[in-house]
1. Convex hull over the Cα atoms of the range A:21-175, averaged projected area in nm²?
2. Would you mind giving the total buried accessible surface between chains B and A, with a 1.4 Å probe and ligands, DNA and RNA left out, rounded to the nearest 100 Å²?
3. Using modelled backbone amide H atoms (1.01 Å from N, in-plane), which distant-in-sequence or interchain residues come within less than 5 Å of residue A:77's amide H?
4. What's the average, rounded to a whole number, of partner chain beta-carbon atoms within 10 Å of each residue's beta-carbon in B:85-96?
5. Across peptide A:146-152, what mean number of C-beta atoms from other chains lies inside 10 Å of a residue's C-beta?
6. Only Cα pairs under 8 Å and at least 6 apart count here; give the relative contact order of the range A:101-161 as a rounded whole percent.
Protein chains: 2
Amino acid sequence: MLLLRDLPRYECLLEGARRFPELDPSACEVYLHVLRAGDEAFRSCGEPLEAHGISAGRFTVLMLLLRKRHDACGAMLTPAELADKAGVTRATMTGLIDTLERDGFVRREPDPNDRRMTPVTLTPAGEALLQGVVPAYFQRMGSLVAHLSESERRTLVTLLAKLVRGNETEDPSVTSTDGAAPAPVCPSGSLNSSVP
Amino acid sequence: MLLLRDLPRYECLLEGARRFPELDPSACEVYLHVLRAGDEAFRSCGEPLEAHGISAGRFTVLMLLLRKRHDACGAMLTPAELADKAGVTRATMTGLIDTLERDGFVRREPDPNDRRMTPVTLTPAGEALLQGVVPAYFQRMGSLVAHLSESERRTLVTLLAKLVRGNETEDPSVTSTDGAAPAPVCPSGSLNSSVP
DNA sequence: GGCTGATGGTTAGCCTCCTAACGTTATCGA
DNA sequence: TCGATAACGTTAGGAGGCTAACCATCAGCC
């Protein structure tokens, strides 16, 4: 991910708005800060993972498998399910599983009932890796927001959720000047990932 | 960028905290929302760029060059300066400039005074591309935060800035248990990119 | 039973990002 | 004056994203 490291000052945005009448300075400021904070959070919490020789994408896959295992039911997920939960394409998930299997952290086990599927399961090595890296990961997450009070955290979460939600329902703006969007097809209702 | 598309509910975080004592549920919730919002903003504002056949990275380079041009002084920047302002490595910037030059949007012109440098300048084609894409880009930025009031925007910016700032000065935590960090070497004072 | 369509996983090719190393050029001190 | 140091830009190799296309398999429906 790449971005502007040095955010322009508000006066510069005002000045830019003179050249670009579409520029809303306060909107731009929010946008830049959201991007900057997301990048900062991603990098910061990624450090303990890299220190243990694992990337954020691989870590996400392992955590999803671990969560599934603790759900008591069959401790496996198909690549398609993993891709959906992680928010990447199936092709990307194939690559992630490839390297994870190469390194011995997961195992593909063909499903005898439906031979199209190849569910993935966590190996003991994968679980051990998680046990080693998860504490540092969560600690870093805590120090990331250590300077925010509980009420500030609630406010921040509320505002970010509002931003994301408002943008989701607005998304069919690709077909602009067209009014009457057919239906907000956003796949909501998928927040029940870890409850059976 | 890859992430969890379906954020776990707060009860799930509380339940996860039982298995991982290091997990601070409110910190984790902030972290996930910051990441999710950053991803949403990035994708959303990236759409108009992709529609014009340009990626976010290339767009950033062109905008930096345009801003420099409007600063009246010499309208060129070296790859190292561009990399620094954009927050990527010099190697990455080389690749970006390669494709931009291949497509005719920028031009490398060796510096006669210091033959190590190869300043980059915006071509008329590059400027025309920006003229075509910038309005849609800023409009999308505005609709991204359209649901937030002015005071909500200010609050959000304040909280995100506090998070980033607090994390920057905390960053030498790699050498933890070591106390008395020598000096917060964060390259602050670099926010004056567009004022001579 | 045998098409047809939908679904699951993989492959191929491209782009962007990184680190590490290299060659070239300036600069500066002995 | 000349070698050491530092800075600039590039290259090589790897990882992680994406889209588009491809087979294999299942489910339905004549």
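The values are calculated or read from the model by the stated rules, or taken from the named source; none is laboratory data. If you're wondering where the values come from, they're calculated on a predicted model, not measured in any experiment. Positions of Cβ are backbone-derived with ideal geometry, glycine not excepted, and every protein chain shown enters the neighbour counts. The accessibility values were calculated without ligands, DNA or RNA, using every heavy atom of the protein model including side chains. Shrake-Rupley method; radii C 1.70, N 1.55, O 1.52, S 1.80 Å.
1. Numbers: hull surface 51.7 nm².
Average of the hull's projected areas for the range A:21-175 equals 12.9 nm².
2. Working: alone 13680 and 13670 Å², together 19460 Å².
So the total buried area for this chain pair works out to about 7900 Å².
3. The answer is A:120.
4. Working: counts 3, 5, 8, 4, 1, 0, 0, 1, 1, 0, 0, 1.
If you average over the peptide's residues, the count of other-chain Cβ atoms is 2.
5. Numbers: counts 6, 7, 7, 1, 1, 0, 7.
Partner-chain Cβ atoms within 10 Å, mean over residues of A:146-152: 4.
6. On the way: 34 pairs, mean separation 13.7, N = 61.
Relative contact order for the range A:101-161 comes out at 22 percent.
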